[in-house]
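The values are calculated or read from the model by the stated rules, or taken from the named source; none is laboratory data. Since the model is a prediction, treat every value here as computed from it, not as a measurement. Reconstructed Cβ throughout: ideal geometry from the backbone, glycine too, with neighbour counts over all protein chains shown. Ligands, DNA and RNA are stripped out before the accessible areas are found, and what is left, the full protein with its side chains, is counted by its heavy atoms. Shrake-Rupley method; radii C 1.70, N 1.55, O 1.52, S 1.80 Å.
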Amino acid sequence: MASNEFQPLQGMSDINAPEIYIWRMIEEKARTIFNSYGYEELRTPVLEKLSVFKRSIGDTTDVVKKEMYAFKPGKHDIAMRPEGTAGTIRHLAGRGEEGLNARVFYIASMFRYERPQAGRKRQFHQIGVEATGEANPLADAECIALQQHLLEEWGLHGSKIQISTRGMPSDRKPVADGLRAALQPHLAELCDDCQRRIDENVLRVIDCKNESCQKIVDQIPTAIEFMSEGSRTYLDQVIQALEIMDIEVEVNPKLVRGLDYYVHTVWEITHGALGAQNAIAGGGRYEIALGKKAVPGVGFAMGMERVITSLEACGITADQFAPKGGVWLVSLGEAALAENMKLARKLRAKGVRCGMELEVKSMKAQMRKANRSGAEKAIIRGEDELAAGTVVVKDMNEGSQEELSLEDVIRDA
RNA sequence: GUGAUUGUAGCUCAGUUGGUUAGAGCGCCUGAUUGUGGUUCAGGAGGCCGCGGGUUCAAAUCCCGUCUUUCACCCCA
């Protein structure tokens, strides 16, 4: 382990080869699939006005209250984005009509000042989409379908989609009141945290990890039962659409998603390979008010680090995506080295993966590198070949080799 | 923020109740008769023992602080 001088900050990491290859696979496949669903890529700044996050995520949420990298370098309070939706909607709201009916995706770093643990970093990466427009259950269902499509394409098995509804804003009070009233008789049996939560955030009692609390929660009506007819119908329509598309989901009324902007459908995808933070993705319908505009939309975010952990559990690892193939040029002597520099330029111009030693070294050492590089062929040149205008081409898998003319090798590359 | 936990070679890790030149495996480099890799054999390089204090004749080892790792709570992807 290197000394601290060379370590990144707590909760942040350098991503290098070979790990980087699984990142690239994930991103490349995601871009292709997003394209097929009509999503355009959007890159927003890492920094936004603090108010952008406060107004959308909610200034009483923990994410905003205690997990943001916020500072004031000049006149304005600014913050590093803790999630992607707020900035995306800030952008779309500024695009007028067009922004109200848009589909965008992002692949970006997010920052939250928290204590790192399994599946949780201070700088982490999310792949997300946002689709703005009228609230339509089919849009929510399609969003889930897209997400499931991604997981399949990456080769991720064993994940579970759970869905619920947050209801409309007008449902909030009846739900909270209803749940409180139902819990009241059991107050003494709840854990200490829940005794506090029942007033502060009653929904958090619903997903308390404590077993005895869960027993009580199982006895009382679910949050959904306190919602209006309209909210319940909306959820039913989403579920029906998913059934039509043959997408398996589990309706879990206990699912709670904390950010303020959610309305109606919320969902979460979990995977058993993760620790306590077992969600690889979360999503939902939202309504974000910016200025005079309230932008409705639906979207999701997937935690790339968590996706990678889950993929590894499925036996999908970075080295499977490492670049290989191509050729390795072996030079015997100064003259051959110079000539091979020329040859490398020609091969690379044709897009051939091509490596070589840039100093005179023993053939043995060069062949070792050829082997390690994963090249399919070694192209060997020494005095004799230079004089004859030929090269020796060795097949690294077969071990066989033949002498060919330089022109033929370049032409067939 | 709370409670645990970790730090020794590029990587994975040994290192006895404090005691002399801190070890192994893998990897890397060199070689095994002229210009041939992956296997084998031989040799070699590479360590502020996370950092800073303290105790001691003596600290990788004990104490304190600090940073970092991992895990859980809170909360979230």
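General remarks:
- Using a cutoff of 8 angstrom between alpha carbon atoms and counting only pairs six or more residues apart, the relative contact order for chain A works out to 16 percent.
- Linear extension gain, A:Ser51 paired with A:Gln277, 0.36 nm per residue minus alpha-carbon span: 78.6 nm
- Calculated over the range A:88-147: convex hull of Cα atoms, volume per residue (Å³): 109 Å³
- Charge-dipole axis of the range A:289-413 as Lys and Arg at +1 and Asp and Glu at -1 on Cβ define it, positive-most pick from A:Ala313, A:Val330, A:Val393: A:Ala313
- Pairwise label distance in nanometres, A:Phe6 with A:Leu100, each label 7 Å out on the Cα-Cβ vector: 5.6 nm
- Partner lysines for A:Lys254 [C-alpha distance under 16 Å; skip if fewer than 8 residues away on the same chain]: A:Lys160, A:Lys209, A:Lys215
- Extending 7 Å from the Cα toward the beta-carbon at both A:Lys324 and A:His149 defines two label points whose distance is 3.2 nm.
- Two-decimal Rg to Rh for the range A:149-308 - Kirkwood Rh, Cα set: 0.98
- On a per residue basis, the range A:172-223 carries 57 Å² of accessible surface, using protein heavy atoms and a 1.4 Å probe.
- Residues considered: A:Arg348, A:Arg306, A:Arg43. Largest GNM mean-square fluctuation over chain A, using C-alpha springs under 10 Å, is found at A:Arg348.
- Mean separation of Cα contacts under 8 Å, 6 or more apart, over the residue count of the range A:337-413: relative contact order %: 22 percent
- Cα-derived Rg over Rh, computed across chain A with Rh taken as Kirkwood radius: 1.12
- Using a Förster distance of 41 Å, the FRET efficiency for A:Tyr113-A:Arg353 (Cβ separation, nearest 0.05): 0.50
- Inter-site label distance for A:Asp14 and A:Asp207 at 7 Å from Cα along Cβ, in nm: 3.6 nm
- Selected from A:Tyr106, A:Tyr37, A:Tyr262 as most flexible by GNM, with chain A as the system and alpha-carbon contacts under 10 Å: A:Tyr37
- Theoretical gain in end-to-end length, A:Asp408 to A:Ser36 [0.36 nm per residue, Cα-Cα removed]: 129.8 nm
- Taking A:Lys254, A:Lys49, A:Lys364 as the candidate residues, the one with maximal mean-square fluctuation in a Gaussian network model of chain A, Cα springs under 10 Å, is A:Lys364.
- Accessible-area composition of chain A, carbon plus sulfur, in percent [1.4 Å probe]: 48 percent
- Charge dipole (Cα centre; +1 on Lys/Arg Cβ, -1 on Asp/Glu Cβ; no other charges) of chain A amounts to roughly 1400 debye.
- The range A:233-346, accessible area per residue, ligands and nucleic acids excluded (1.4 Å, Å²): 42 Å²
- A full extension of the chain between A:Lys342 and A:Tyr69 corresponds to an added length of 93.2 nm, given 0.36 nm per residue minus the alpha carbon distance.
- Rounded accessible area per residue of the range A:27-77, 1.4 Å, Å²: 64 Å²
- Alpha-carbon centroids, the range A:185-199 and the range A:1-65: separation in whole Å: 36 Å
- For the range A:1-144: rounded, prolate or oblate by the Cα gyration tensor [a/c cutoff 1.5]: oblate
- Computed helical MRE - 222 nm, chain A, DSSP H runs ≥ 4 contributing -39500 (n - 2.57), nearest 500: -11500 deg cm²/dmol
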